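Below you'll find the structure, written out as structure tokens, and then a few comments.
The values are calculated or read from the model by the stated rules, or taken from the named source; none is laboratory data. Since the model is a prediction, treat every value here as computed from it, not as a measurement. For neighbour counting, all protein chains shown are included, and Cβ atoms are generated from backbone atoms with ideal geometry for every residue, glycine included.
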Amino acid sequence: MNVRRVILDVDKALNRPTLLELATAIEKVPGVEAVNVSVTEMDMETMGTIITVEGNGIDYSELINAIEETGSVIHSVDEIAVGKRIIESIRRDE
């Protein structure tokens, strides 16, 4: 299966890993071509992030392992795109 995009809701400790350390660990995963880490919330001890990963043939299990090895916790997989290309989601107005 050709995994092209994964969007994850991830919490990490406030100071370690740094956002750069987390992004670097993800970037080393086979198939990863781009990583975006956005901070969504912070409290006294943790930082909530949304992580978007894109590439061609992303090794999903290695991706999860790389994030967990930094000490971060994955709360949910919010999006996954597979196939020959990425289909952008279209928002439906109700």
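All conditions in (1) modelled with pLDDT of 95 or more; (2) in a loop (DSSP other than H, G, I, E, B); (3) farther than 23 Å from Gly83 by Cα hold for Gly57, with the sole exception of (3). Taking first residues from segment 70-94 that are within 19 Å of Thr49 (Cα to Cα) and partners that are basic (Lys, Arg) and in a loop (DSSP other than H, G, I, E, B), the Cβ contacts under 9 Å between residues at least 6 apart in sequence or on separate chains come to Thr70/Arg16; Gly71/Arg16.
When segment 23-53 is filtered for residues that are in contact (Cβ under 8 Å) with a residue 24 or more places away in the chain, over 19 Å from Glu79 (Cα atoms) and not in a loop (DSSP other than H, G, I, E, B), the ones remaining, listed by number, are Ala25, Met42, Thr46, Met47.
Among the residues making up segment 1-41, those that are surrounded by fewer than 15 Cβ atoms within 10 Å (Cβ to Cβ) and of a type in the set (A, V, I, L, M) are Met1, Ala13, Leu14, Leu19, Leu20, Ala34, Val39. Looking only at residues of segment 71-94 that are hydroxyl-bearing (Ser, Thr, Tyr) and in a loop (DSSP other than H, G, I, E, B), we find that the one that is surrounded by the fewest Cβ atoms within 10 Å (Cβ to Cβ) is Ser89. Could we say that Glu68 is more than 25 Å from Met1 (Cα to Cα) and outside any strand (DSSP E or B) here? Considered against the rule, which asks whether it is more than 25 Å from Met1 (Cα to Cα) and outside any strand (DSSP E or B), Glu68 comes out as no.
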